[in-house]
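A short worksheet on the structure shown next.
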């Protein structure tokens with residue numbers, strides 16, 4: 001016979017059972033339906049061939065961008081040539097995201113931070129002219145390193161797209177740091193102009209008709225072909241360690257420590273080296289473009305040579 005206490009326990013049990021069923025069946029079903037309902041690619045309607053500006057806003061809300069002009073991607077307001085391999089990969093990755101079928105991993109805005117979506121996250125924006133075509137917030141890479149979590153501002157949802165985006169968001173490597181990329185076998189004259197001395201090296205045919213590397217100034221002497229080629233390999237394929245602010249103020253370039261000219265068939269390159277910055281990197285200006293780079297002391301030492309270094 002049921003007592004009042006038994007009835008109370010029975011009612012409590014019924015409530016708990018009903019609640020558990022509601023959570024495990026209808027609510028879970030509703031959550032699944034919400035996750036799968038209208039899973040729209042946040043950038044799915046973008047035509048990548050029309051995108052002519054890609055912008056990354058970093059955690060400090062500073063924007064960094066590349067812009068396409070005459071089919072060439074240029075970095076920043078100074079229109080620095082962009083590293084082609086990196087920008088090609090950036091375009092390819094975004095194109096893959098556009099054509100992908102993202103997975104909706106959360107519909108709870110409170111859980112965005114669990115996926116790395118915060119006010120400190122990187123934001124990627126795509127433009128055509130002045131019109132923003134798409135933007136999305138980049139979160140964490142998945143635990144299996146095959147996808148990345150993304151979301152949009154004012155969107156409760158968090159998505160997973162099948163691309164790893166860590167590499168393409170490294171805007172510090174977007175500018176091309178190539179200083180020289182010469183066909184060194186075409187070079188037949190090297191001029192090293194120091195403040196108090198000019199050195200001219202050549203392998204143009206001598207009066208006798210013989211072809212060999214020699215110095216012509218300040219005196220004539222036969223040089224080692226191997227040592228000249230090793231020097232040209234360094235000077236003709238020179239890479240900067242960093243970009244410099246594009247002003248000569250305080251660089252020492254107005255009174256260069258060395259002006260190096262390399263010339264030959266189809267080659268006419270001149271670079272000048274000035275003083276150092278606060279951490280001992282040397283300012284270098286490429287005369288043909290007027291661009292200013294920074295090189296290491298090791299790079300600088302490889303270029304500062306005397307005749308004895310080639311013998």
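Collect the residues in the range 185-221 that are in contact with a strand residue (DSSP E or B) (Cβ under 8 Å, 6 or more places away or on another chain) and not in a strand (DSSP E or B), keeping them in residue-number order.
If the condition is that a residue be in contact with a strand residue (DSSP E or B) (Cβ under 8 Å, 6 or more places away or on another chain) and not in a strand (DSSP E or B), then 186, 203, 204, 206, 212, 213, 218, 220 are the ones that fit.
Applying the selection to the range 55-104, what residues are within 24 Å of residue 156 (Cβ to Cβ), in contact with a strand residue (DSSP E or B) (Cβ under 8 Å, 6 or more places away or on another chain) and part of a loop (DSSP other than H, G, I, E, B)?
Within the range 55-104, 59, 100, 102 qualify.
In this structure, does residue 130 turn out to be more than 19 Å from the chain's Cα centre (by Cα), modelled with pLDDT of 95 or more and surrounded by fewer than 19 Cβ atoms within 10 Å (Cβ to Cβ)?
It is false that residue 130 is more than 19 Å from the chain's Cα centre (by Cα), modelled with pLDDT of 95 or more and surrounded by fewer than 19 Cβ atoms within 10 Å (Cβ to Cβ).
Within the range 263-278, count every residue that is assigned to a loop (DSSP other than H, G, I, E, B) and surrounded by 14 or more Cβ atoms within 10 Å (Cβ to Cβ).
1
Say we look at the range 279-303 and pick out the residues that are in a loop (DSSP other than H, G, I, E, B) and on the phi < 0 side of the Ramachandran plot; which of these is surrounded by the fewest Cβ atoms within 10 Å (Cβ to Cβ)?
If we take residues in the range 279-303 being in a loop (DSSP other than H, G, I, E, B) and on the phi < 0 side of the Ramachandran plot, then 279 is surrounded by the fewest Cβ atoms within 10 Å (Cβ to Cβ).
For residue 256, are the conditions met, namely being crowded, with 19+ Cβ neighbours inside 10 Å, part of a loop (DSSP other than H, G, I, E, B) and in contact with a strand residue (DSSP E or B) (Cβ under 8 Å, 6 or more places away or on another chain)?
When the stated conditions are applied, residue 256 passes them.
The values are calculated or read from the model by the stated rules, or taken from the named source; none is laboratory data. Note that the structure is a prediction, hence the values are computed from the model and not measured. So basically every Cβ, Gly included, is an ideal-geometry build from the backbone, and we count neighbours across all protein chains shown.
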